[in-house]
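The structure under discussion appears below in the form of structure tokens.
Computed from the coordinates by the stated procedures, all read-outs in this text should not be read as laboratory data. Here the structure is a predicted model, which is why all the values come from computation and not from measurement. A quick note on method: Cβ atoms are made from the backbone with ideal geometry, for glycine too, and the neighbour counts reach across all protein chains shown.
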Amino acid sequence: MDFQQIKPYHETVWNSESFACQKARPEQGALTKLLQGGDPLPWSRANATVPVSMIEEPTPAEIKQRLQENKGETHWDENQYNAGSLNKWGWIYFYLTMFAKGAVVILGPVFILTIIVLPIIHETLQYADLTSTIYVYTVYIFLPSALIWGYFEASGRGYLPMPWFMKAVKHFTFSRSTGRVTRYKNNKELYSHPFSEFDCYLVSSPNHQGILSYQLHLVHRYHRYSDSIPLHTFTTSEQPDELKRIWNLIQRYMDTSQPMPDVPELEPARTKDPTTAAWDAKNNRKPDYWFSMDDDEFEEALLELQAEQRFKPTQGPEIDLFNGGTQA
């Protein structure tokens, strides 16, 4: 492998082995502490632990298919992680296409079967009534649904332009190549700061049944922004240990002194990241470890990973961010 062709890191990246001491945390009021859940989770030199609930979906087969359809474009690579979603019109169009697909794939065969069976069951059925029913379904249901679903599939595969209203709304980015975290609102940059200036809070609150639910928020240490970065959106799990593993994974991803987390979505990017490529070469990691698995093998690998991690720490050795580095 030619490591000279791999793009080097920017000088502002986060490195857990060499960092400048951070300013002390400002004193916070009781209300702020309550809202943030008390003290932040510790910073650490992240270990290899990953949240299994986060990597269950999409499967490697689905990731490969998506990369092929998007011509290699992805929201997560060796440079940065992009979190975003469709705008409200995009979601309306998405659900409309799902109904259209149902009308073609499910309702279509049912309708055809009904048209075949009806004349047998009802011998008195008039030919004019039958043709009228076929006409109404074809013109007013099947053709519009086929056009809507067909355009959605064709635009998703790059054969047709994407509808103008399918514009993504960007929420936040983590940049491994620059070491910065950026928050967006209405697709406009709200704030951007070095990763080391953020703290991670595990927040608990009772739901309507009195059961505690947990969320994970990344908060800038030195500004009281009203918009935090919701890290719990990385997974559907609300288990505290699983959320702590997300914080560990993010620290691992941002730490250029360590290889990127070994998760399926980052497999295509591993050869493009200097530290990761060197680690993989040294440890003889199979280049297509995840992508060589079929769905059954992937499920089995996740079960093994979950069992291995059950009794392992959710984070690596703690780092003193304020006194453990070099003086700025």
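Brief remarks follow.
- Computed from backbone phi with θ = phi - 60° and the Karplus coefficients 6.51, -1.76 and 1.60, the 3J(HN,Hα) list for region 287-302 is x, 10, 3, 7, 6, 7, 8, 8, 4, 5, 5, 5, 4, 5, 5, 5 Hz; x is used for glycine and proline.
- Cα-based helix-to-principal-axis angle, 143-156 vs the chain, degrees rounded to 10: 30 degrees
- Exposure here means at most 14 other Cβ atoms within 10 Å; with GluC sites (Glu not before Pro) in a DSSP loop as sites, the longest stretch of the chain lacking them is 124-328.
- Positive-end residue of SER175, PHE111, PHE234, charge dipole of the chain with Cβ unit charges: SER175
- Cα centroid separation, region 271-287 to region 239-261 (Å): 18 Å
- For the chain, a crude dipole built from +1 on the beta carbon of Lys and Arg and -1 on the beta carbon of Asp and Glu, taken about the Cα centre, is about 1320 debye to the nearest 20.
- Filtered trypsin sites (Lys or Arg not before Pro), region 259-325: DSSP coil and at most 11 other beta carbons within 10 Å: ARG310
- Residue among HIS232, HIS171, HIS193 with the largest mean-square fluctuation in a Gaussian network model of the chain, springs linking Cα atoms under 10 Å: HIS193
- Built amide H within the under 5 Å cut-off of PHE172, gap 5+: ALA83, TYR184
- For region 252-328, applying the loop criterion from DSSP together with a ceiling of 14 other beta carbons within 10 Å to the chymotrypsin sites (Phe, Trp or Tyr not before Pro) yields PHE311, PHE322.
- In this structure, the amide hydrogen of THR235, modeled 1.01 Å from its nitrogen in the peptide plane, lies closer than 5 angstrom to no residue at least 5 positions away or on a different chain.
- Too-long pairs where the Cα-Cα distance tops 26 Å, listed order kept, from LYS7/LYS312; LYS64/LYS244; LYS64/LYS170; LYS7/LYS185; LYS167/LYS272: LYS7/LYS312; LYS64/LYS244; LYS7/LYS185; LYS167/LYS272
- Local electrostatic count, ARG221, Cβ distance below 9 Å [Lys/Arg +1, Asp/Glu -1]: 0
- Rg/Rh ratio calculated on Cα atoms of region 173-328 (Kirkwood radius): 0.99
- Comparing ILE229, ILE115, ILE63 in a Gaussian network model of the chain where C-alpha atoms under 10 Å apart are linked, the largest mean-square fluctuation is found at ILE115.
- Max mean-square fluctuation residue, GNM over the chain, Cα-Cα springs under 10 Å, options LEU113, LEU67, LEU303: LEU113
- Net charge over other residues, Cβ less than 15 angstrom from the Cβ of TYR184 (K, R count +1; D, E count -1): +4
- Computed from Cα positions, the angle between helix 127-137 and the longest principal axis of the chain comes to roughly 20 degrees.
- Rounded to 10°, Cα long-axis angle of helix 107-121 versus longest principal axis of the chain: 20 degrees
- Amide H contacts under 5 Å for ILE319, placed H, 5+ residues apart: TRP43, SER44, ARG45
- Relative contact order (%) - the chain, alpha-carbon pairs under 8 angstrom, separation at least six: 35 percent
- Net charge of the neighbourhood of LYS23, taken over other residues with C-beta under 14 Å away and scored Lys/Arg +1, Asp/Glu -1, is -2.
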